[in-house]
Amino acid sequence: MSQITTHVLDSALGQPAANVPVMLSYQDRAGNWSKINSTVTNEDGRAPALSPDKLQAGTYRLRFETSPYLHAQGQPVFYPYVEVVFTIDDSGTHYHIPLLMSPFSYSTYRGS
C-alpha cells in the first residue's frame, strides 16, 4: 500500500473530483524538489498508488493541478493549482492527505 494517499472532493458540486493531476515530490536538505510520482485521480477522486510503501522521513509536497478539472466542470478558476507541503517521520505510518476544493476555496487535513 502506498504510504501517502490522497483524494480530491469537489465541495461545490458535492462529488469526487476525477481526473485531477497530482504530483508527489520530496524536498532535499538544500531545498530542491524531486518528483517521486504523478498520477490522476480516479472516478472516486482518489490517487491510491501515489508513493512507494515506505518513504524516508522528510518534507513532501502534493501538487494538485485544479485548473483542468474546474474548466471541465464549467467552473471558474481562481486557484489553478494547490500545493500542500507536509512532513513525515520514519515510522512507516500511512499518511492520507485529502483536498476539499471549490472554485474559490480549498482545505486539507491529515486523514486516516
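The values are calculated or read from the model by the stated rules, or taken from the named source; none is laboratory data. Remember, predicted model here, so these are calculated numbers, not experimental data. Here the Cβ is made from the backbone with ideal geometry for all residues, glycine too, and neighbour counts use every protein chain on show.
Among the residues of the range 1-24, those identified as part of a strand (DSSP E or B) and within 15 Å of the chain's Cα centre (by Cα) are Ile4, Thr5, Thr6, His7, Val8, Leu9, Asp10, Pro16, Pro21, Val22, Met23, Leu24. Does Val84 meet the test of being touching a helix residue (DSSP H, G or I) at 6+ places or on another chain (Cβ under 8 Å) and of a type outside the set (S, T, N, Q)? No; evaluated as a whole, the condition is false for this residue. Restricting attention to the range 49-100, the residues being of a type in the set (Asp, Glu), farther than 20 Å from Arg29 by Cβ and either surrounded by fewer than 12 Cβ atoms within 10 Å (Cβ to Cβ) or free of Cβ contacts under 8 Å to residues at least 12 places away in the same chain (or both) number 1. For Val22, indicate whether it is modelled with pLDDT of 95 or more, out of contact with any His (no Cβ under 9 Å at 6 or more places or on another chain) and within 16 Å of Ser2 (Cα to Cα). So Val22 passes the test. Consider the range 25-48 and keep the residues that are surrounded by 12 or more Cβ atoms within 10 Å (Cβ to Cβ) and outside any strand (DSSP E or B). The one that is modelled with the lowest pLDDT is Pro48. Selection of the range 73-85 for residues being of a type outside the set (Val, Ile, Thr) and farther than 11 Å from Asp10 by Cβ yields Gly74, Pro76, Phe78, Tyr79, Pro80, Tyr81, Glu83. Say whether the condition of being under 20 Å from Ser91 (Cα atoms), among the β-branched types (Val, Ile, Thr) and touching a residue at least 60 places away in the same chain (Cβ under 8 Å) is met by at least one residue in the range 6-19. Among the residues of the range 6-19, at least one is under 20 Å from Ser91 (Cα atoms), among the β-branched types (Val, Ile, Thr) and touching a residue at least 60 places away in the same chain (Cβ under 8 Å), which makes the answer yes. Just so you know, in the range 86-112 the residues that are among the hydrophobic types (A, V, I, L, M, F, W, C) and assigned to a strand (DSSP E or B) include one that is farthest from Ala12 (Cα to Cα), and it is Ile88.
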